[in-house]
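Taking it in order: structure first as structure tokens, then the write-up.
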Amino acid sequence: MFIEPNIKNERRGWIEVICGSMFSGKTEELIRRLKRAKIANLKIEIFKPAVDIRYHEQNIVSHDENAVLSVPIDHSSFILELAKDADVVGIDEAQFFDNQLPEVCDQLALRGIRVIVAGLDMDYTAKPFGQIPNLLSKADYITKLHAICVRCGNIANYSYRKTTDDKQVMLGNKDIYEPRCRVCYQKGEMLK
């Protein structure tokens, strides 16, 4: 016998993805949404990959130096245990997480948790980056942010690497990367 669940009082979760190029304001937007949730007295848990120590070992920090305390983790599966009592989960630099992250986000949403994920959608070669494409396909809400091209002033959605190192993951800031529009990204070295 099938018994229909009473979903009127059941808390519903969802997945939000904030993506874009470097310097587009992804972390800034993540922090803004988490602060609003905190104002609403919701229980928040924030995570980042342990590998990301550019600005701070524990805080997620925007390029504008806004910061919020987070828990650095080595594997996305840890989020399931650490966030079991959360109303809202924030995850920054999602492109650096393992391939279990989309499933972890799904499980959190099924528990009734609002999941807000921020990350680069493309690497410096303009290829889909990490688990962001999979998260985009599962997301209930998607926000694509743009930077400003440092070469021409148009909107930028590419992260141009100014070095010749070809490792996909290379943590850096304005010393290594700059936002570029499609045309200036394609012109590449000619604009250096």
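Just so it is clear, none of the values below were taken in a lab; they were calculated from the coordinates. Values in this document were obtained by computation on a predicted structure and should not be read as measured data. A quick note on method: Cβ atoms are made from the backbone with ideal geometry, for glycine too, and the neighbour counts reach across all protein chains shown.
Close Lys pairs in the range 14-145 (alpha-carbon distance under 21 Å; sequence gap of 8 or more, or different chains): 19. Restriction of the GluC sites (Glu not before Pro) in the range 57-160 to DSSP coil positions whose beta-carbon has at most 13 other beta-carbons within 10 angstrom yields GLU57, GLU65.
For ILE39 and PHE78, a Förster radius of 25 Å and the Cβ-Cβ distance give a FRET efficiency of 0.40, rounded to the nearest 0.05.
Taking 0.36 nm per residue of separation and subtracting the Cα-Cα distance, full extension of the segment from ILE155 to ALA126 would add 8.9 nm. Taken along the Cα-to-beta-carbon direction at a fixed 7 Å, the label points for ALA67 and TRP14 span 3.3 nm. What is the percent of Cα-Cα separations in the range 14-145 that go past 20 Å? The proportion of pairs with Cα distances above 20 Å equals 36 percent.
Each of the peptides 69-76, 38-45 was scored by the mean count of other Cβ atoms within 10 Å over its residues; in descending order, highest first, they stand as 69-76, 38-45.
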